[in-house]
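The values are calculated or read from the model by the stated rules, or taken from the named source; none is laboratory data. The shown structure was predicted, so the numbers you read here are calculated from the model rather than taken from an experiment. Neighbour counts run over all protein chains shown; Cβ positions are idealised from the backbone, glycine included.
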Amino acid sequence: MDTLLSPLYYLVSWIMIGWHWLFSELLGISHDGVNWALSIIGLVVVIRILLIPLFVRQIKSQRNMQMLQPKVRELQKKYKGDRERLQQETMKLYKDTGTNPFASCLPILLQAPFLFALFRVLSGVAEGHARGAFTNQPELFESAGDAEIFNAPLSATFLDAPNTQTRVIAIVMVVLMTLTTFLTQRQIMRKNMPKEAMEGPFAQQQKILLYVLPLVFAFSGVYFPLGVVLYWLTSNLWTMGQQFYVIRRMPAPGTPAEEAHQRRMEAKAKRRGTAVPAGSVVEEAATPPPPVRQQPKRDSRAQRKGSAQRTNKKKRK
């Protein structure tokens, strides 16, 4: 396993070493514990920036899945007794609308190898076994092994904590990691899902994941080194910030987030004394449409000639 993941060990450790050099040499931070903690946060920043295109695809896929739920329920009613035909028609619906039901899992799946690589690198630091770029950097390897935050080693876990203070810090961080995992899922379900999408099997799956996924992290978190818990906690906070921006600026149609966005646009327009943006309920109800001005029509030469001839005939009669 170590041989297969060796390139990831090098990538993760080199990113951390690069951030450590930046904080210690350029910014002059002398505390090794703070430097290595910031290096782990820097690792999150690098990976999450690289995953932004996938995050955009994830948001689009989630929106499409939400908006397609009424059609999916219609197919379920239509092919209630034919499971194979239901599956075929559902996949055809996803294909025709360009929706990938697995796209929402891609950011988590692609982060998993980096998370495991960081786990192995920090475990190696705790065990005195260098992995990745640390094999060629004995001084940095020793520095990472001694790195502490509030007297808690970054390479220690809750189960092998050397002291009570480390256990307390570890359990607090695991609780925060679990809480932020829950909040990132709840943020989407409460604000950026239409009412139609809150019913049916898809909604039930989302609700199950809302509670199951945080529990998985809560029970597995006691086995993670503090550095790994810090990585996942920082990643969750990044996700919450990204989702908050997307939900606030580009809400899905028919959701509470869209209603809140419309109210903000109306309030902003009133403060500026400008017209309420298009699509506003207030504008459509209170502001009558402007009258259409009729432009004078220019008569062609043939029309003028015909009109003159008709006038002369009337005069002769």
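Listing for the model above:
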{"read-out": "Selected residue [in contact (Cβ under 8 Å) with a residue 24 or more places away in the chain, more than 18 Å from TRP19 (Cβ to Cβ) and in a helix (DSSP H, G or I)] from SER143, SER123", "value": "SER123"}
{"read-out": "Leading residue by the ranking (surrounded by the fewest Cβ atoms within 10 Å (Cβ to Cβ)) among those in the stretch 132-169 that are among the aromatic types (Phe, Trp, Tyr) and in contact with a Phe, Trp or Tyr (Cβ under 9 Å, 6 or more places away or on another chain)", "value": "PHE158"}
{"read-out": "Residue check for PHE134: farther than 20 Å from LEU5 by Cβ and in contact (Cβ under 8 Å) with a residue 40 or more places away in the chain", "value": "no"}
{"read-out": "Unique residue being over 16 Å from GLN58 (Cα atoms), surrounded by fewer than 13 Cβ atoms within 10 Å (Cβ to Cβ), of a type in the set (A, V, I, L, M) and modelled with pLDDT of 90 or more when the list is VAL228, VAL172", "value": "VAL172"}
{"read-out": "Some residue of the stretch 28-37 being closer than 23 Å to GLY241 by Cβ, among the aliphatic types (A, V, I, L, M), at pLDDT 90 or above and exposed (fewer than 15 other Cβ atoms within 10 Å of the Cβ)", "value": "no"}
{"read-out": "Boolean, LEU68 is without any contact (Cβ under 8 Å) to a residue 60 or more places away in the chain and in contact with a helix residue (DSSP H, G or I) (Cβ under 6 Å, 6 or more places away or on another chain)", "value": "no"}
{"read-out": "Looking only at the stretch 85-131, and only at residues there that are more than 18 Å from SER6 (Cα to Cα) and aromatic (Phe, Trp, Tyr), the one that is modelled with the highest pLDDT", "value": "TYR94"}
